[in-house]
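The values are calculated or read from the model by the stated rules, or taken from the named source; none is laboratory data. The structure presented is a predicted model; accordingly, all values stated were derived computationally and were not measured. As a convention, Cβ positions derive from the backbone with ideal geometry for all residues, glycine included, and neighbour counts pool all protein chains shown. Accessible surface areas use protein heavy atoms only, side chains included; no ligands, DNA or RNA. Shrake-Rupley method; radii C 1.70, N 1.55, O 1.52, S 1.80 Å.
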Amino acid sequence: MSDRPQKKVCLGVVVGAHGVRGEVRVKPYTEEPKGVAGYGPVETREGRRFKIAAVGLAKGTVICRLDGVADRDEAEALRGTELFVDRARLPETDEEEGWYHADLIGLSAVGMDGEVYGRVVAVENFGAGDLLEIERAEGGPSVYLPFTDGNVPEVDIAGQRIVIDPPAGIFDEGPADEDAGEAENG
């Protein structure tokens, strides 16, 4: 058994109610849409647990039944709720370069030259592709690095690191910090 804490993987998010009997519409983050219900009970960020069943598909969402949610008002109250499972319940990836976003959290971010930039604290997607949030080794604000083959040529899960080739200036202090330093010196 690993001494690392259990990682949670978000399988989808409730985007609204469906009908009047407590069913919810879930935007899936799984390869197969109905996979949101394929790994057993789900848990919210707050720790509330639900048995889940996928009962249909509608307009890019999965219609799900969550045990204990019996009417439209209860279902609508769950809008925006992310549904998680323990990483250990998901199948191992078959591909050489296969991993889950949760596997990247905590990995060291090391430059091509061996410089340690920091560690991955989150993987975000605000609509234009995946971004790695890297907490700087020297402190200061986190950096969002686009998760592309060019910026991240190597992911080494076993070695607990990613190798990065960040665009010039992305880890430099921002213009506001430089201006503040010039004002103090001037």
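Element breakdown for the stretch 1-131 at a 1.4 angstrom probe: carbon and sulfur atoms account for 48% of the accessible area.
Working note: Debye formula, equal point scatterers on the alpha-carbon atoms of the stretch 63-164, no solvent; log10 I(q)/I(0) at q = 0.11, 0.13, 0.14, 0.19 Å⁻¹ is -0.47, -0.60, -0.67, -0.97. Here the gap between GLU43 and CYS10, fully extended at 0.36 nm per residue and compared with their Cα-Cα distance, gives a gain of 11.0 nm. Within the listed set ARG48, ARG72, ARG161, the Gaussian network model of the chain (springs between alpha-carbon atoms below 10 Å) gives the highest mean-square fluctuation for ARG48.
List the GluC sites (Glu not before Pro) within the stretch 15-122 that DSSP assigns to loop and that have no more than 11 neighbouring Cβ atoms inside 10 Å. Those that pass, being in a loop and sparsely packed, are GLU31, GLU46, GLU92, GLU95, GLU96, GLU97, GLU115.
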